[in-house]
Amino acid sequence: MTCADEPVRTVLRPAGAELRPVVERLAQLYRHDMSEFLGHLPAADGTFGFSRLPLFFDEPGRSALLIQYGSAPAGFVLTRPMAEGATSISAFFVVRALRRRGVGREAALQLLRSRPGAWAIAFQPANAGAARFWRGVATEAVGSAWREESRPVPASVAADAPDDQWILLDTGPSPR
């Protein structure tokens, strides 16, 4: 039981088998949001394809995390290792009701602080909200010790997508 004036906590939880269906449903909302920037349309059954999502549950090194706000599912994060040694935030989603309330910022900072080392975060430049969000998170996490660059989206991900904007930062020594 919590007091009425006690703040609601934002928590990241590893999404194992029991939380996978929750992340899969939230992923539909994420894909819908991204359709504005990438032009994805739903399939005939009304769902958005996300063929790479199972990899984050099944492939070693990748992870799916549920963002919870109190007891409610608030979003998710997908991470994967990159060839250069950084961890990529491949997808980050917060439900619209909780945006601009600090839930995403708190979840992102928890994630970056939970795994010291190099991070790579991609977003579409046309997504001004994501650009502001990630630049603010990077600054809060490491001050001015981050950089930004443009990289092509792999054709296997989206054939005609504009280049991604990447924020690269390091939160400290990687655990050995």
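Data overview
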item	result
Single condition R62 does not satisfy, out of (1) touching a residue at least 40 places away in the same chain (Cβ under 8 Å); (2) under 27 Å from G172 (Cβ atoms)	(1)
Subset of region 38-66 (residues that are of a type in the set (A, V, I, L, M, F, W, C) and open to solvent by 50 Å² or more (accessible area, probe 1.4 Å))	L38, L41, A43, A44, L55
Filtered residue count, region 2-55, keeping only those that are touching a helix residue (DSSP H, G or I) at 6+ places or on another chain (Cβ under 7 Å), of a type in the set (A, V, I, L, M, F, W, C) and under 20 Å from T79 (Cβ atoms)	4
Residues that are modelled with pLDDT of 85 or more and under 17 Å from the mean Cα position of the chain (by Cα), drawn from region 34-58	F50, R52, L53, P54, L55, F56, F57
Selection status of R25, open to solvent by 60 Å² or more (accessible area, probe 1.4 Å), within 19 Å of A120 (Cβ to Cβ) and basic (K, R)	no
Matching residues, region 72-82, being open to solvent by less than 30 Å² (accessible area, probe 1.4 Å), assigned to a strand (DSSP E or B) and of a type outside the set (G, A, S)	F76, V77, L78, T79
Filtered residues of region 144-168 (kept if outside any strand (DSSP E or B), of a type in the set (A, V, I, L, M) and surrounded by 11 or more Cβ atoms within 10 Å (Cβ to Cβ))	A145, V153, V157, A158, A161
Set Y69, Y30: member being over 21 Å from W119 (Cβ atoms), surrounded by 13 or more Cβ atoms within 10 Å (Cβ to Cβ) and hydroxyl-bearing (S, T, Y)	Y69
Where V23 falls short, out of the listed (1) over 19 Å from F92 (Cβ atoms); (2) among the β-branched types (V, I, T); (3) touching a residue at least 40 places away in the same chain (Cβ under 8 Å)	(1)
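Condition check ((1) of a type in the set (V, I, T); (2) without any contact (Cβ under 8 Å) to a residue 60 or more places away in the chain; (3) open to solvent by 30 Å² or more (accessible area, probe 1.4 Å)) across all residues:
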position: E84; (1), (2), (3): no, yes, yes
position: I89; (1), (2), (3): yes, yes, no
position: R101; (1), (2), (3): no, yes, yes
position: L109; (1), (2), (3): no, yes, no
position: A118; (1), (2), (3): no, yes, yes
position: P125; (1), (2), (3): no, yes, yes
position: A128; (1), (2), (3): no, yes, yes
position: R132; (1), (2), (3): no, yes, yes
position: V142; (1), (2), (3): yes, yes, yes
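The values are calculated or read from the model by the stated rules, or taken from the named source; none is laboratory data. A quick note: this is a predicted structure, and the numbers were derived from the prediction, not measured. Cβ atoms come from the backbone with ideal geometry, glycine included; neighbour counts cover every protein chain shown. SASA here: full protein model, heavy atoms, side chains in, ligands and nucleic acids out. Shrake-Rupley method; radii C 1.70, N 1.55, O 1.52, S 1.80 Å.
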